[in-house]
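Structure, as structure tokens:
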Amino acid sequence: MLSIENLHVCVDGKQILTGLDLELKGGEVHAIMGPNGSGKSTLSYVLSGREGYEVTSGKILYQGENLLEMDPEERAGKGLFLAFQYPVEIPGVSSMNFLKTAANSIRKFRGEAEFDAMDFVKFVREATKKLNITDDMLKRSVNSGFSGGEKKRNEVLQMAVLEPTLCILDETDSGLDVDALRVVGEGISALKSKTRSFLVITHYPRILEYIVPDRVHVLASGKIVKTGNNDLAHELEKTGYSEYMIDAA
Amino acid sequence: MTPVDEWLQDLKQRGIDNFASVGLPRVLEEDWKYTNIQYLNDGEWELAGLPSNIKSPDWLVSGEVIRLCFVNGIYYPNYSELLELPDNNYIGPLDKALELEEVNVKDHLGSLVAKHSASITELNTANIKDGFVIKLSKLREPINVEILNINEGSDGQVFFHPRNLIILDSVSQVNLVERFIGDSNNTYFNNSTNEVLVQNGSNLRLYRVLGDGNNATTITNTVVSVGVESVFENLSLSHGGRLVRDEIVVNLDGIGSSAKLGGVYLASKDQHVDNTVLVDHKYPNSKSEQLFKGALAGSATGVFQGNIRVGENADGANGALTNRTVLLSEKARMNSKPRLEIYADDVQCSHGCTTGDLDKEALFYLRSRGIPLAEARSILVEGFLSEVLEHFDQSYITGLFKGVFDEWVLGV
Amino acid sequence: MPAVDETLDQVKSVEKYKYGFVTDIEAETAPKGLSEEIIHFISRKKNEPKWLLEWRLKAFERWLDMKEPDWAMIGYPSIDYQDAYYYSAPKTSEDGPESLEDVDPELLATYEKLGIPLHEQEVLAGVKNVAVDAVFDSVSVATTFKETLAEHGVIFCPISEAVQSHPELVQKYIGSVVPVSDNYFAALNSAVFTDGSFVFIPKGVRCPMELSTYFRINAANTGQFERTLIIAEDDSYVSYLEGCTAPMRDENQLHAAVVELVALENAEIKYSTVQNWYPGDENGVGGIYNFVTKRGACRGNKSKISWTQVETGSAITWKYPSCILQGDESRGEFYSVAITNNFQQADTGTKMIHIGKNTSSRIISKGISAGKSKSTYRGLVSMMPKAEKSRNYTQCDSLLIGSECSAHTIPYIESRNSSATTEHEATTSKIADEQLFYCRQRGMSEEEAVALIVNGFCREVLQELPMEFAVEAQKLVGISLEGSVG
């Protein structure tokens, strides 16, 4: 599914990732954990193709193809989905309209027929019920005036509707209280399947209660410094990252 | 004649010729749409001389400070206090600066205003006589300067045309307070022009109080060029004169240059007060802020023209402009013309503008607590205006403002 | 260039402006140039009463003394007013069609191609009926639902017909909102106007359907000078929409219209425009000069006039739909989207003149500049001495797409009444990179993302359009920006 080899990335001339390797197979869940400033968000933006992230060496293969040559929308069309740490506000564009435009763009890309309006509403209703998303939220402008929890639920809704094959969750649990975390976590959990992979980027292990990782990687100073199973996450909860920060330095 | 005298003679002659060809601005010109000064064409004007009685100055800034006093636009050494400065630095009157080769006035005087030629500055150039010059370089310590203009006028119509030059280079810093005060009812015309160059990490803070006499016409033009990583700040408090036009043109001429402009205007009776500002962002990552607030009473007229221009190379420019006016009487009126002119795409610019009466609910709230109407109004107006001062933390300005405001409120 | 490529390119450019075709129809055209004789000719063609001819001649006399305005932020080569035709009409309609059956099939086909229903049984967008007046060059060629409207006492007909059938109404109101010498282009229009719509809603009537005029410039080298007059008597309501298109031509053509609205006591007029005149090609060649004077008078107490405009076409747009708020508690609204791309220039905005007590106005303007275009908002809010407790709120936002365009905001705010409040806010910025990236991460192409974000930016204005046209306008927003990114 995803293969990252010796990835080096610069932002504004500053080296952020310094030789990252990662191998993620279809249906697997991997967690990437690490302290602030270790390069977690940089990784998610490089994978999704945001401008301003310069790959100085290394390569990324996604489903056997060179990911770095693709535009952001091409990656999305091929099933790569990023749940943003800070979802972006788009004034005046209703969430429903946004969802439909996105879903149809991806269907077009895949050579599938576009949704007709009625079918789409039905399709979305299914997903919204589970995520406790009201019709009112769908009418409001994308993320505008949404609370932290609403924004993250909206990200999960988009994930459900766009049916990706690789989901990258960037700090999806940040800023959520316990109740909001449960709704979001259960929403994500419901999307697990044999063919869908997850890359869960997080500082705290609490989201991993809902989506149990097959592998846990510790990212520090731009590279993976330790890999283990789910126990590693619990260990980190107790010890924190100080050990790795010293090691990496 | 010395070469400098000849040069000055030429400069003045050009001013005379240029002014003669256009005359005073008319309301048909977009920049003068709301301010009519054609009445200045009535009668003859003579250059002012010194009045017989000159009252002693009350200085505002204490501590180590350079003081220059001008009376009717004429340098008055008796009341001035100059300080020794390191070599190649100068703060003092224009005539002495002209004699000093190292100050090199002739390379700068007239060059900044030439790019923004206006008939009113040509008139100033035609009549250059006195003024002050500040030229500093590599002085890291901030220097405090206070300029006091005691404007009395005299019998008959007199005018004067102060011409000032400020050049700050290589991380120099100046805090400059300039005041126009006039207590007479004489008819006079104070037309001052400032040319300001702030460059290479320098910083100029300019505080100006325009308080000319009841029958005075005050027109000031300040043309500024702000260079790389330099800062220009200006706070004007305008309360005197029959007609005041305070015009500032700021060119953000370097990467990372910035300007912060504030203004408070108070007018009553049939006063006319005009603040006109252009900030021209010419380089990337330049920043500007404008905040102008005023209170108009009687049948006073206020004018605000504020323009933010962003040139095509000025990506990353950030400009904001706010103008708010309260109208305290039925006959007061306000004309506001905020403007954005944007030729680059990577910009963040905004303006906001309001006119209206005081907040009714706030007024009611204060009265319900037992505060009489007049006092409640005065509290609210002062609170409304003080937002501008809070942007510029200089204690002496706040104190001065309080004094001016209290006196103004009594007269309303 | 190989022939195949050429054809492909042609097809591509036609798609961008799908209204760019020419109807091949025999036209009767007045001799070229502008003179008293031409005005006599037009007046004679229309069989006008003497007072109207004199009114025209007076306007012409004033026009000769006037100067073309130069204060707008637009630039164009000087117009040779003698090098254009001032009257062109399809020959078949010389005597005016008696009924829809008499309309030349070629014209019916033209309007069908433009998506304008001239058959009464057709229903636009499936929502409700819309009555249409179709103006082709200098004359109205068809007006639908006249009888249905007449049952309600509503008069909806070409203004040249109203001059014949209701001369007293025309004479009373024409020039009463926009005086003949108001400005250069209004004076020109008053002298040579040819056709346009006339609407009269009698007291107490709520017009049962949307009224719409569709303006089409077809003939080459012809100016279109339409004149529209809408009168809403006490307690009446009407919603009116105009649409405009023209063939793609390398020459610029002048369109100088005058629209006058009069709202009496408690009446409401909602006037919407989707202006899609040919904008010229991507090199700035050709396109319509759209120099228009639109003004409404809220004469009665509690009357309301609302202007909504979506301006995507024309090489140059110069227009300021305005409201004179004379009646106490009257209200004016101006909602505008102006999109310029390639070499288009737009200088547009509004004037809200508050005269009566407790009047209110609201201005929402959204300007989008792309390519090498220039877009300017210019507006005046004036609180006159007697406009006690009147209020204005203005919001002007500009969006820049690409580094070669420009956007300007030039408001004038004049307050002469202390109890009146004005509030004005404006912003200028580009589309945020993170918004674009967010949309693209969700699978949208850059063009789709821009169209979506711009539509969101314009939403407050688009939602003011009658529903039948809102969808069309949204599509137009996307189409107008094609080629502006990437």
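The values are calculated or read from the model by the stated rules, or taken from the named source; none is laboratory data. Please read these numbers as outputs of a predicted model, since none were measured by experiment. With ideal geometry, Cβ positions are generated from the backbone for all residues, glycine too; neighbour counts draw on all protein chains shown. For accessibility, only protein heavy atoms count, side chains too; no ligands or nucleic acids. Shrake-Rupley method; radii C 1.70, N 1.55, O 1.52, S 1.80 Å.
Note on chain B: GNM, Cα springs under 10 Å; of B:S154, B:S368, B:S395, the largest mean-square fluctuation is that of B:S368.
Accessible surface for the protein assembly as shown, divided over its residues, is 39 Å² per residue with a 1.4 Å probe. Approximating the spin labels as points 7 Å out from Cα along Cα→Cβ, the C:K91-to-A:N66 distance works out to 6.6 nm.
Amide hydrogen proximity for C:D195: with H placed 1.01 Å from N in the peptide plane, the residues at 5 or more positions away or on another chain lying under 5 Å are C:F225, C:R227. Interface size, chains C and B: roughly 2500 Å² of accessible area buried, both sides included, 1.4 Å probe, rounded to the nearest 100. Among B:G370, B:G298, B:G49, the largest mean-square fluctuation in a Gaussian network model of chain B (Cα springs under 10 Å) belongs to B:G370. Here the Karplus curve 6.51 cos²θ - 1.76 cosθ + 1.60, taken at θ = phi - 60°, turns the phi angles of the stretch C:301-318 into couplings of 4, 6, 7, 9, 10, 10, 9, 10, 9, 10, 10, 10, x, 6, 5, 9, 10, 9 Hz, with x standing for Gly and Pro. Taken residue by residue and averaged, Cβ atoms of other chains lying within 10 Å of the Cβ of A:79-91 number 4. Summing charges over all other residues whose Cβ lies under 13 Å from the Cβ of C:A220, with Lys and Arg as +1 and Asp and Glu as -1, gives -3.
Here C:K146 sits with roughly 70 square angstrom of accessible surface, probe radius 1.4 Å. Net charge in the neighbourhood of B:D183 (other residues with Cβ under 9 Å of its Cβ; Lys, Arg +1, Asp, Glu -1) is 0. The Cα atoms of the stretch C:56-95 give a gyration tensor whose axes a ≥ b ≥ c have a/c of 1.5 or more with a/b no greater than b/c, which makes the shape oblate. Where a ≥ b ≥ c are the square roots of the eigenvalues of the C-alpha gyration tensor, would you call the protein assembly as shown rounded, which needs a/c under 1.5, or, failing that, prolate if a/b is larger than b/c, or oblate? In terms of gyration-tensor shape, oblate.
Phi angles of the stretch C:334-340 translate, via the Karplus equation with coefficients 6.51, -1.76, 1.60 and θ = phi - 60°, into HN-Hα couplings of 9, 10, 9, 10, 10, 10, 10 Hz per residue; Gly and Pro are given as x.
Taking θ as phi - 60° and the Karplus parameters 6.51, -1.76 and 1.60, the scalar couplings of the stretch C:275-280 work out to 9, 10, 4, 4, x, x Hz in sequence order, x denoting glycine and proline. Over 25 Å apart at the Cα level, from the set C:K270/C:K374; B:K135/B:K260; B:K115/C:K372; A:K151/A:K192, are C:K270/C:K374; B:K115/C:K372. With coordinates expressed along the principal axes, the C-alpha atoms belonging to the stretch B:3-253 extend over 49, 39, 36 Å, beginning with the largest. Assuming a ≥ b ≥ c are the square roots of the Cα gyration tensor eigenvalues, decide whether the stretch C:2-480 counts as rounded (a/c under 1.5), prolate (otherwise, with a/b larger than b/c) or oblate. It is rounded, given that a/c, with a ≥ b ≥ c, falls under 1.5. Note on chain B: helix-only mean residue ellipticity at 222 nm, from DSSP H runs of 4+ residues weighted -39500 (n - 2.57) and normalised by residue number, equals -6000 deg cm²/dmol. Surface composition of the stretch C:193-350: carbon plus sulfur atoms hold 40% of the accessible area, using a 1.4 angstrom probe and ignoring ligands, DNA and RNA. A cut-off under 9 angstrom between Cβ atoms defines the neighbours of C:I25, and their net charge, with Lys, Arg +1 and Asp, Glu -1, is -3.
Assuming R0 = 35 Å, what is the FRET efficiency of A:E28 and A:Y86, from their Cβ-Cβ distance, to the nearest 0.05? Result of the calculation: an efficiency of 0.85.
The helix-based estimate of mean residue ellipticity at 222 nm for chain C, built from -39,500 (n - 2.57) per DSSP H run of four or more residues and divided by its residue count, is -7000 deg cm²/dmol to the nearest 500. Neighbouring Cβ atoms from other chains, within 10 Å of the Cβ of residues in C:445-453, number 4 on average. Using a Gaussian network model of chain A in which every pair of alpha carbons under 10 angstrom is joined by a spring, one finds that among A:H203, A:H234, A:H30 the greatest mean-square fluctuation is at A:H234. Selection among C:I479, C:W71, C:A220 by position relative to the dipole of the stretch C:2-480 gives C:W71 as farthest towards the positive end (Cβ unit charges, Cα centre). Peptide C:375-383 has a mean shielding of 2, counted as Cβ atoms of other protein chains within 10 Å of each residue's Cβ.
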